[in-house]
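A.B. asks: Dumping the structure here so I can ask a few things about it.
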Amino acid sequence: MQLTQSHTAINRTFSRNSVPARPRVSRCHVVRCSAQQQDGQIARVTRRDALALAAGLALAGTVAQPANAIQGLTAGRIPGLSKEADGAGFYTYTRPEGKSGGHGVGWSEIPQYSFKVPSGWEEIPVSIADLGGTEIDLRYQSKDEGDVAVVVAPVLRFMDVGFNAKVSLKDVGPPQRVIEGFGPELFGKPLDEDDVVATEVVNQDGGLYYKWELKNRALVSATATKNRVFIITVTANARQWKKHSDDLRVIQQSFRVKQDA
């Protein structure tokens, strides 16, 4: 109603001044509204936008929550680390489902593995730029005691098998072949027999494990399940090894991978 009256008044004004009305004038006055109408439009838009924003925030909170539960860090304690230590003072790390590690896209879900660490060890970030490339799944570190890395690698680098093949470590090869095959990415250089101080072959919790002690103060344990090889390396400098070698051996010996049934 106000638009019509405003339009009529303006046409009369133009008639008195003998100025022909131009189409632009009509369009301008159709667009114009009274202050009350503008306030109403702004209020409607504001309410609509506010409702949309509130819905978006609620949805974002719902979506983000599971991601934080899997990937987030809380006060230095990571998802997967037990809340309480055992009688010997060790915590157990169990790989969380959905963890991405340093792998690129396209990796299927990785079977869970676990190992023990003393108090004070923390997970550190991994990326495809690491020495082990996309096969590095986890890094753990204590500045006072040493470093831990877990490699998850396809068995296809050793043998030609199907995508979902069930492979044991024995199928992959003997201990020396396995440790030499992974030497460059684990330690940055090739390994040979002279680098190996001791080798152990054991069956534990339904899986075959190879274990090595190397000259460069490194302990390694490996197993295989489905179509992947799992390797944990525990390394230390001379000072760390002298004070904490017993704890480092516990980490190596505690490494377990959930075997395919």
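A.B. asks: Looking at the stretch 212-223, is at least one residue farther than 24 Å from residue 170 by Cβ, modelled with pLDDT under 95 and either assigned by TED's automatic domain parsing to the domain that holds residue 136 or in a loop (DSSP other than H, G, I, E, B) (or both)?
C.D. replies: Scanning the stretch 212-223, I find at least one residue that is farther than 24 Å from residue 170 by Cβ, modelled with pLDDT under 95 and either assigned by TED's automatic domain parsing to the domain that holds residue 136 or in a loop (DSSP other than H, G, I, E, B) (or both), so the answer is yes.
A.B. asks: Additional query: Take the residues of the stretch 92-131 that are of a type in the set (Val, Ile, Thr) and under 18 Å from residue 227 (Cα atoms): which is modelled with the lowest pLDDT?
C.D. replies: Once the filter is applied, the top-ranked residue is 105.
A.B. asks: Something else about it: Can you say whether residue 138 is among the hydrophobic types (A, V, I, L, M, F, W, C) and under 20 Å from the mean Cα position of the chain (by Cα), as far as the supplied structure shows?
C.D. replies: For residue 138, the condition - among the hydrophobic types (A, V, I, L, M, F, W, C) and under 20 Å from the mean Cα position of the chain (by Cα) - is met.
A.B. asks: Among the residues of the stretch 189-215, which ones are of a type outside the set (Phe, Trp, Tyr) and touching a helix residue (DSSP H, G or I) at 6+ places or on another chain (Cβ under 6 Å)? Steps first, please.
C.D. replies: The initial filter retains those residues of the stretch 189-215 that are of a type outside the set (Phe, Trp, Tyr), namely 189-208, 211, 213-215.
If the condition is that a residue be of a type outside the set (Phe, Trp, Tyr) and touching a helix residue (DSSP H, G or I) at 6+ places or on another chain (Cβ under 6 Å), then 190, 191, 199, 208, 214, 215 are the ones that fit.
A.B. asks: Next question, about the same structure. What's the number of the condition residue 189 fails, among (1) part of a loop (DSSP other than H, G, I, E, B); (2) in contact (Cβ under 8 Å) with a residue 12 or more places away in the chain?
C.D. replies: (2)
A.B. asks: Is it the case, given these coordinates, that residue 220 is touching a helix residue (DSSP H, G or I) at 6+ places or on another chain (Cβ under 8 Å) and surrounded by 17 or more Cβ atoms within 10 Å (Cβ to Cβ)? Full working, then the answer.
C.D. replies: Details: touching a helix residue (DSSP H, G or I) at 6+ places or on another chain (Cβ under 8 Å): yes; surrounded by 17 or more Cβ atoms within 10 Å (Cβ to Cβ): yes.
Criteria met by residue 220.
The values are calculated or read from the model by the stated rules, or taken from the named source; none is laboratory data. Since we're looking at a predicted model, the values are computed, not measured. All Cβ positions, even for glycine, are placed from backbone atoms using ideal geometry, and neighbour counts span all protein chains on display.
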